[in-house]
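Trainee: Sending over a structure as structure tokens; questions will come in a sec.
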Amino acid sequence: MNTSPLKLLIHGASGRMGRALLRLAAEDEATTVVAAVVRRSPAQRVLDEVPYFASSELAGVPAFDVAIDFSLPEGFDPLLALCVERAVPLVSGTTGLGDGQRAALDAAAARIALVWASNFSLGVAVLTDLVERAAGTLPGWDCDIVESHHIHKKDAPSGTALTLGEAATGSGAQPRYASLRAGDIVGEHLVQFTGIGERIELVHRATNRDIFARGALHSAKRLRGKAPGHYRVRDLIG
């Protein structure tokens, strides 16, 4: 087992998730950030002992063990190509990828270990597994997914709700969706299975956005040394 600090490349380092990853990685003795990549030329080349690079300089970043990507679709392709070229794993939460980019991810999984997820919460990963099992065990029960988020979230249902729905559908359920936008709710997902005279509720509530960055760091640690393949977050728990 490799016990040396995990050398990370953070792609999309100026975004909310990127900043959280940099902060949490600095607090973790098991990780070290060797490159923080931002869209434009950085105002400072080194900040808090972390080297910064513009996305146009991606090819010149130092060696890294795993890349963590929370950026934009237009910056995704060069990073995926770099990971394949250097044969290093990729953890990505970049949303809005096109069909061609998803196909490129699938192709890259034949050469590197990677995980893409709409939600890196470890709790949501466990919830997804529970939903899949419940849907397969309770044929004919109604399945409803209710998601709640802050008033500024535009998409509905949320990507996480749709992922939970896919898990339920894969086990034979036919989920229905409802969305609530209110206040500053970080994220809540309720999956309800209802039969005659009884009901099961599976709920996950996020109270701090750091859970997503922590989950991405956890996934990066677990992905090091893995065989090529397209992993899910729940594959990397336990």
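Trainee: Against the condition more than 30 Å from Leu190 (Cα to Cα) and of a type in the set (A, V, I, L, M), how does Ala113 come out, does it pass? Can you show your working first?
Mentor: Details: more than 30 Å from Leu190 (Cα to Cα): yes; of a type in the set (A, V, I, L, M): yes.
So Ala113 fits the description; yes.
Trainee: So, one more: Starting from the range 124-142, keep only residues that are not assigned by TED's automatic domain parsing to the domain that holds Val186, then list their pairs with residues that are hydroxyl-bearing (Ser, Thr, Tyr) and at pLDDT 95 or above whose Cβ atoms are within a distance under 9 Å, requiring at least 6 positions of separation or different chains.
Mentor: none
Trainee: Quick one: would you say Ser158 is outside the structural domain of Phe70 (by TED's automatic domain parsing) and either touching a strand residue (DSSP E or B) at 6+ places or on another chain (Cβ under 8 Å) or at pLDDT below 95 (or both)?
Mentor: When the stated conditions are applied, Ser158 passes them.
Trainee: How many residues, within the range 188-229, are among the charged types (D, E, K, R) and crowded, with 20+ Cβ neighbours inside 10 Å?
Mentor: Qualifying residue count, the range 188-229: 1.
Trainee: Mind checking which residues of the range 185-202 are modelled with pLDDT of 95 or more and not aliphatic (A, V, I, L, M)?
Mentor: Glu188, His189, Gln192, Phe193, Thr194, Gly195, Gly197, Glu198, Arg199, Glu201
Trainee: If a residue counts only when it is modelled with pLDDT of 90 or more, farther than 30 Å from Ser158 by Cα and touching a Pro at 6+ places or on another chain (Cβ under 6 Å), which strands (runs of 3 or more DSSP E) contained entirely in the range 9-109 have at least 1 such residues?
Mentor: Output list reads 31-38, 50-54.
Yes/no per residue for (1) within 26 Å of Gly225 (Cα to Cα); (2) touching an Asp or Glu at 6+ places or on another chain (Cβ under 8 Å):
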residue	(1), (2)
Arg23	yes, no
Ala26	yes, yes
Arg39	no, no
Glu49	no, no
Ser56	no, no
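Trainee: Another question, then. Output the residues belonging to the range 36-73 that are surrounded by 12 or more Cβ atoms within 10 Å (Cβ to Cβ) and β-branched (Val, Ile, Thr).
Mentor: Val37, Val38, Val50, Val61, Val66, Ile68
The values are calculated or read from the model by the stated rules, or taken from the named source; none is laboratory data. The structure presented is a predicted model; accordingly, all values stated were derived computationally and were not measured. Neighbour counts run over all protein chains shown; Cβ positions are idealised from the backbone, glycine included.
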